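The values are calculated or read from the model by the stated rules, or taken from the named source; none is laboratory data. Just so it is clear, the model here is predicted, and its values are computed rather than measured. We place every Cβ from the backbone using ideal geometry, glycine too, and count neighbours over all the protein chains shown. The accessibility values were calculated without ligands, DNA or RNA, using every heavy atom of the protein model including side chains. Shrake-Rupley method; radii C 1.70, N 1.55, O 1.52, S 1.80 Å.
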Amino acid sequence: METIHLENSRGRPKAPNPEQVELKFSDQAVQELEALLTHYPDKKSAILPTLWIAQREYGGYLPPEAIAEVAVRLQRSYAEIEGVATFYTMYHVGHPVGRHLIEVCTCLTCQVCGAYRIAERLKAKLGIDFGETTEDGVFTLEEVECLDACDRAPVLQVSDAYIGPVDEAEIDALIEKLRSDPGSGTIRLADEIVKAQLHANEQRDIR
Amino acid sequence: MASLAQEPGLVTITIDGTELQVPKGELVVESVKRLGREIPIFCYHPRMKPVGMCRMCLVEVGMKQPDGTVRMMPKPQAGCTLPASDNLVVITDSESVIADRRGVLEFLLINHPLDCPICDRGGECPLQNNTLFYGPSTTRYVEVKRHLPKAFPLSRHVTLDLERCIQCGRCVRFTEEISGDAQLAFLFRGAAMTPRTFELTDLDSKFSGNVIEICPVGALTSSDYRFRARPWDLETRPSTCLECANGCSVWFDHRGGKMVRINGRVNDAVNEEWTCDKGKFGHGYLNAPDRPAKPLIRKEDVLAAADWSTAYQQIVAHFEDGRTAVAGLVGAKVSNEDLFQFKRMFHRHFHSPNLDHRWTRILPSQTEGVRGLHGIDEVHTRIAEWESVNAALVVGNDLASDQPMVYLRLRKAWQRHGAKVVVISERPTYADHFASAVIRCEEGKLFEAVARLSAAVLQNREGADALRAALKPFAPDAKDRAAAEALKGEFFTVCSESVYAKPDGGKTVSALANLAVGTDNAQRFNLYPVGANDMGAALLGVHPGGQGMNTREILEGCIQGRIKSLWLLECDPFALWHDHQQVQDALENVEFLVVQTSAPNQAMQYASVVLPCCAHVEADGTYTNIERRVQKIEAIWRPKGDAKPSWKLFTELMLRMNPSRPIFEPSELMEMIIAEDESFAPAAYHNLEGNGACLPLGVDAGAQLFMEIYQ
């Protein structure tokens, strides 16, 4: 858990005035948000997909300004949006993540199939521990619970793709391939989720 | 709770073998109280929606079958989220319920630090009590407990002890459901879940103090009260808060002659059980070390302690039969009895009509106020009625600052049944977030905004052609027309007298009254006072009347030498009057200045005589709040030093000037008030037990329009 520091309450900053919050969503994001809002009875229901839009717009993570912008656009309180965002592990609140997020499943099946060996190899190769980002800002390594892909154990989730079963020998090649990819997998993942949300209605109609 | 209102009717349920009828949809946790039994709770609060987070209220539940047998549910249910329905069977004292409660408490206590000996809540803690009655006597948890920040200041007033939090969510729900600012939320999840503000910004809610009271453990504590006392060392007495004119009921906790803390006291007619921060944390002045304790008389530029008779002698010499050369100004925290006796003294012995209790920039005379120009009463709506309004127009300063309890009720009306609220203000207000329309005008343009909205409202209505014609110059824009949609039917108007502090305040009030009269909503018009007993002062006639001088004229009179002697009763003009220079000139120039005060103030520097008087907690007296509810405050501790209740002081002075039968009790003064003004009849002292008594509201003389303001 993140530690909070004791300090003098008199020096505590005030929450920003909603009218002063800088709105940075691109025109496309604003259009997407408007389309999303038609899916729900009220703005509160749209918090999760809007956070995905914000995560894409703010470069793969949610700085406080992103939380504030979502709160202002949905007319909810800042604390409520921050509470929702910190509840879910796929929103990266506060701290930036690398272009590529490598998540190692260490649940039972993957563990039996050697997930820790894979994890150690990744740590050694990237020089970081779980929850850390490489200095060049390319990779973030995370340990996650079951990815629901036990048939492919041991499995990695690399941003928007599942890779598995992996063995140690493939790691080097994977890292090199990702390093040469100039795009950001984390932003791509957010974008795909936003697109899926936008088309959620159509899929229901087809069924 | 919501289903209760929708479907009236009773259902028969069985609790621990006793059959009883309860309203359909009533929560089981409430029904059980009807039998004098209790289900232990943490997260449930009767004034908030149930969430079933803590699982402390688990009960066994079954349904009575047509053949008379009972079919029990396989698992226990949370009593706080279970609505009563026909044939429900509830068991609250079986072996398994007792075991469930013990289990829940054992889990809650796993991470609770048990630092009760140093915890502010110790002695009045629901967790402590429930553990004593329902919990295990020892723990099986031997591992290391979680360690988190122990004293994290969320704001100047609220300190968070994260280790003690049992994650019931009462504080989070309070800011979301009741106060509406939603400044607290749960961050993270599981064992790491913490109630916090956004990015640890300041918890600057106007109602933040309530989260301290509703916290069922010592996680949220008052920064001021922290480590000051144990609850069993305190003397707790009922009292009424005088920080604004709402007159909330409070518990006043004191120890060794010092005010220690204020807690909300249940009064469904006024404050339910809430307090605002101004009331909860604003009573520190009672503990000020330099409160005047003896009469002081100026001798060669120094105020020196004196005895009462010398002070009286000087006062009588300067005031008796002073006629128009003497004047009196009054503050807000003066009881009805004191005000009445002050007025009698001025009228009968000083023969002076120069009295005023108002400090706003605009001081409407008898013929200029709402009553004078429009023939309607200033107040028509009681505080509790606000929670059932369907449409309201809120004008002026922030309603949550001026009338916190009206704000909470209005918000409840919006939350319960979607009341439509239109806000017209110069600055952002608390009510904006639930208002269906907000009209934000420039500083000093309040009158124009009200006039434009009036024009838009009248476009939707028949009649009031004269007013419509007078409003021609004010063309409503799209925003005004959208706001007017909310005011199509009956609507309530609320504005506070603080609007008179604005240059266009008088015109704004008049325009609002015109709108109310023109749309047949005069019976729903309200112009509430702001100072604690401003309403009492207005009703008792502590104002210039027809011939006297008002506050401005008195201050000018002091500067010009027309006023020789001035009496300041419980007021500091430097804090109240907008023009400091004028106050300074007035107090420097007036020949004889009496400052009668319970707390040290700036005006004392200029005083000829300083008279110590009792604060409201030191003397019996009654106070009239915005809904004309007269509430009695009883003396809680002895006066400081030689201080006297003001009415007693006035009585003694009057006896010096004209020996007659003395007055011994404030109740005698109330009888005299009633004899003079029949509308005070409900406020006889024997009627004031409990929540006080209400004087009549909405005494209208015949509503009329006043068009000249639009020219």
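Numerical summary
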quantity	calculated
DSSP bridge orientation in region B:10-93 - percent antiparallel, rounded to nearest 5	85
Sequence of B:Thr139, B:Thr175, B:Thr310 from largest to smallest accessible area, 1.4 Å probe	B:Thr139, B:Thr310, B:Thr175
Quotient of C-alpha Rg and 2.2 N^0.38 Å, computed over region B:370-528	0.93
Hydrodynamic radius of region B:125-267 per Kirkwood, over alpha carbon pairs, in Å	16.8
Region B:318-430: radius of gyration and largest Cα-Cα distance (Dmax), Å	19.4, 60
q = 0.11, 0.14, 0.17, 0.22 Å⁻¹: log10 I(q)/I(0) that the Debye formula gives for region B:10-93, counting C-alpha atoms only	-0.26, -0.42, -0.62, -1.03
Loop chymotrypsin sites (Phe, Trp or Tyr not before Pro), region A:40-136, which have at most 12 other Cβ atoms in a 10 Å radius of their Cβ (DSSP)	A:Tyr88
Accessible surface of B:His433 - all protein chains present, 1.4 Å probe, nearest 10 Å²	90
DSSP beta bridges in the protein assembly as shown [antiparallel fraction, %, rounded to 5]	55
Projected label distance in nm at B:Arg189 and A:Ala35, using a 7 Å step from Cα toward the beta-carbon	2.8
21 Å Cα-Cα reach of B:Lys648 towards lysines, excluding residues that sit fewer than 8 places from it in its own chain	B:Lys294, B:Lys333, B:Lys343, B:Lys632, B:Lys640
Rounded accessible area of B:Ile110 (nearest 10 Å², 1.4 Å probe)	40
Equivalent-ellipsoid semi-axes of chain A, from the Cα gyration tensor, Å, largest first	32, 23, 15
Projected label distance in nm at B:Lys49 and A:Gln75, using a 7 Å step from Cα toward the beta-carbon	1.7
Rg/Rh for region A:67-136, where both radii come from Cα atoms and Rh is the Kirkwood radius	1.13
Under 22 Å, Cα to Cα: Lys pairs in chain A, sequence gap 8 or more or different chains	8
Rg over Rh [alpha-carbon atoms, Kirkwood Rh] for chain B	1.01
Chain B - percent relative contact order, Cα under 8 Å, separation 6 or more	12
Antiparallel DSSP beta bridges within chain B, as percent of all bridges there, nearest 5	55
Evaluated at q = 0.10, 0.13, 0.16, 0.20 Å⁻¹: base-10 log I(q)/I(0), Debye formula over Cα of region B:559-711	-0.54, -0.85, -1.08, -1.20
Descending principal axes extents, region A:1-96, alpha-carbon based, whole Å	44, 29, 24
10 Å Cβ shell holding at most 12 others, DSSP loop, GluC sites (Glu not before Pro): longest site-free stretch of chain A	A:23-134
Per residue, in Å², the accessible surface of region B:370-528 once ligands and nucleic acids are set aside, probe 1.4 Å	34
Rg/Rg_ref, region B:290-379, where Rg_ref = 2.2 N^0.38 Å and atoms are Cα	1.41
Whole-percent pair-distance distribution, where bins are 10 Å wide, for the alpha carbons of region A:100-186	19, 57, 23, 1
Over region A:1-96, relative contact order from alpha-carbon pairs under 8 Å, at least 6 apart, %	26
Accessible-area value, B:Trp414, 1.4 Å probe, nucleic acids and ligands omitted, Å²	80
Peptide-level mean, for B:187-197, of C-beta atoms on other protein chains within 10 Å	5
Solution diffusion estimate, µm²/s, Stokes-Einstein, the protein assembly as shown, Kirkwood Rh from C-alpha pairs, 20 °C, viscosity 1.002 mPa s	67
Cα convex hull of region B:30-173 - mean projected area over all directions, nm²	10.7
Accessible-area order (highest first, 1.4 angstrom probe) of the listed residues B:Met73, B:Met535	B:Met73, B:Met535
